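> Structure incoming, see below.
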Amino acid sequence: MKKEFAVIGLGRFGGSIVQYLSAHDYDVLAIDIDEERVSQFMNIASYAVVVDAMDELALKSLGIRNFDHVIVAIGENLNASILTTIILKELGVKNITVKAQSIYHEKILQKIGATQVVHPERDMGKRIAKQLISNNVFDYLDLSEEYSIMELIATDKIANKNLIDLNVRANYDLNIIGIKRDNQMNVSPIPTEKLRKGDLIFVIGHNDKIEAFQKREF
Ligand code: ATP
């Protein structure tokens, strides 16, 4: 059975979650205190209702605990965000993802039992800063504090080398896990094939080692 979602707060963040899930044929209950916001989602979400999420009875009568995952996307109003999370937890919702506005907000949400706390503005800022520092980073995924998967754009310098020349495992303690060329992803690149300028190289390993690889080869 497909997962069922409820999204509380239909601002830019919550709204885009509703749009994405609905476009991918998931059932979504969209909730906001603002009537106008709710009316914008009438034709997008499976259900859209005007409810104050701090109203425990109202959430209960919506059967919120039966949803597989509830996303709390209330930003500015800390009280509402925290109280809603507490209510959801008390009603027995298993998966609660909450948008945090600050590090203190994040800590409180973790303490009161949010399953996942997201901080989209901070994370996007960090992502963009990382891309600004290095011209070669197309995208990345943090795996832990120290390890990531980095998507690096091949420069003139690395072009014409192949995976055997680079020998990243021995030289940098890294692994190249894929190469994307002309929008085609190749997860088992041929070791003897030369890289081309503009190829996206997916490399996994310690951040310091990735940095060393970038400095020397790009
Ligand atoms: P975004 O950045 O996603 O646009 P934001 O961080 O600026 O949002 P707000 O605009 O403050 O956050 O809140 C998002 C939505 O949450 C708004 O549409 C607001 O009406 C709704 N909201 C606020 N309080 C409640 C509440 N108690 N119950 C339900 N919805 C609420």
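> Calculate one ³J(HN,Hα) per residue across segment 193-200 by plugging θ = phi - 60° into the Karplus curve 6.51 cos²θ - 1.76 cosθ + 1.60, and present them in order as whole Hz with x for glycine and proline.
7, 6, 6, 10, 4, x, 4, 9
> Going by alpha carbons, how many degrees (0 to 90, nearest 10) lie between the helix axis of 207-217 and the longest principal axis of the chain?
40 degrees
> Determine ³J(HN,Hα), in whole Hz, for all residues of segment 80-85 in sequence, where each value follows from phi through the Karplus function 6.51 cos²θ - 1.76 cosθ + 1.60 and θ = phi - 60°; x replaces Gly and Pro.
Here the 3J(HN,Hα) series is 5, 5, 5, 5, 4, 5 Hz.
> Here is a follow-up. List residues of segment 113-156, by number, whose backbone nitrogen lies under 16 Å from a label position 7 Å along Cα→C-beta of R196.
Counting only backbone N, you get 153-156.
> Same structure again: Could you state how much accessible area I33 has, in square angstrom rounded to the nearest 10, with a 1.4 Å probe and all protein chains kept in place?
110 Å²
> Taking Cα atoms, how many degrees apart are the long axis of helix 12-23 and the longest axis of the chain, rounded to 10 and kept between 0 and 90?
The helix 12-23 is inclined about 80 degrees to the chain.
> Given +1 on the Cβ of Lys and Arg, -1 on the Cβ of Asp and Glu, and no further charges, what dipole in debye does the chain carry about its Cα centre, rounded to the nearest 20?
720 debye
> Quick one: pull the percentage of alpha-carbon pairs in segment 18-150 with a separation above 25 Å.
Here the tail beyond 25 Å accounts for 36 percent of pairs.
> Follow-up. Can you give the local net charge around H119? Use residues other than it whose beta-carbon is closer than 14 angstrom to its beta-carbon, Lys and Arg +1, Asp and Glu -1.
Overall, the nearby charge balance is +1.
> Here's another thing I want to ask about it. Using the Karplus equation 6.51 cos²θ - 1.76 cosθ + 1.60 (θ = phi - 60°), what ³J(HN,Hα) coupling, rounded to whole Hz, does each residue of segment 136-145 give in order, writing x for Gly and Pro?
Karplus-based 3J(HN,Hα) across segment 136-145 equals 8, 7, 8, 6, 7, 9, 6, 9, 7, 4 Hz.
> Also: Under 24 Å between alpha carbons, and skipping anything fewer than 8 positions from K3 in its own chain: which lysines qualify?
Result set, ordered by chain and number: K60, K89, K94, K99.
> Calculate the tail of P(r) for segment 56-108: the fraction of all Cα-Cα distances greater than 14 Å, expressed in %.
In whole percent, the long-distance tail amounts to 49.
> In whole angstrom, note down how far apart the Cα centers of segment 39-74 and segment 96-142 are.
So the separation of the two Cα centres works out to 24 Å.
> Seen from all sides and averaged, what is the projected area of the convex hull of the Cα atoms in segment 124-203, in nm²? Working shown, then result.
Values: hull surface 22.7 nm².
For the Cα atoms of segment 124-203, the hull's average projected area reads 5.7 nm².
> Report the extension gain between S102 and Y147 in nm, rounded to one decimal, defined as 0.36 nm multiplied by the number of residues separating them, less their alpha carbon distance.
Values: separation 45, 0.36 × 45 = 16.20 nm, distance 2.44 nm.
Extra length from S102 to Y147 when fully extended: 13.8 nm.
> For N175, which sequence-distant residues (separation of 5 or more, or a different chain) have an amide H within less than 5 Å of its own amide H, given hydrogens modelled in the peptide plane?
I204
> Counting only helical runs of four or more DSSP H residues, what would the 222 nm mean residue ellipticity of the chain come to if each run contributes -39,500 (n - 2.57) and the total is spread over all its residues? If you can, show how the numbers build up before the last one.
Working: 9 runs with 80 residues, N = 218.
That calculation yields -10500 deg cm²/dmol at 222 nm.
> OK, next. How far is helix 120-133 tilted off the main Cα axis of the chain, in degrees rounded to 10, range 0 to 90?
20 degrees
> Can you pick out the pairs among K157/K215; K126/K209; K194/K215; K130/K209 whose Cα atoms lie more than 22 Å from each other?
none
> May I ask which residue of P120, Y26, S39 lies farthest towards the positive end of the charge dipole of the chain, with charges of +1 (Lys, Arg) and -1 (Asp, Glu) on Cβ and the Cα centre as origin?
P120
> With a 1.4 Å probe and all protein chains in place, put E90, E151 in order of accessible area, largest first. Mind dumping the intermediate values first?
Details: E90 135, E151 30 Å².
Per-residue accessible area, sorted high to low, gives E90, E151.
> From the C-alpha gyration tensor of segment 68-218, pull out the three semi-axes of the equivalent ellipsoid (sqrt of 5λ each), sorted largest to smallest, in whole Å.
Equivalent-ellipsoid dimensions as semi-axes: 41, 15, 13 Å.
> With the dipole of the chain worked out from charges on the C-beta (+1 for Lys and Arg, -1 for Asp and Glu) around the Cα centre, which of I176, A6, S81 lies farthest toward the positive end?
I176
The values are calculated or read from the model by the stated rules, or taken from the named source; none is laboratory data. Just so you know, these numbers come straight off a predicted model, no measurement behind them. With ideal geometry, Cβ positions are generated from the backbone for all residues, glycine too; neighbour counts draw on all protein chains shown. Keep in mind that these areas ignore ligands, DNA and RNA; they rest on the heavy atoms of the full protein, side chains included. Shrake-Rupley method; radii C 1.70, N 1.55, O 1.52, S 1.80 Å.
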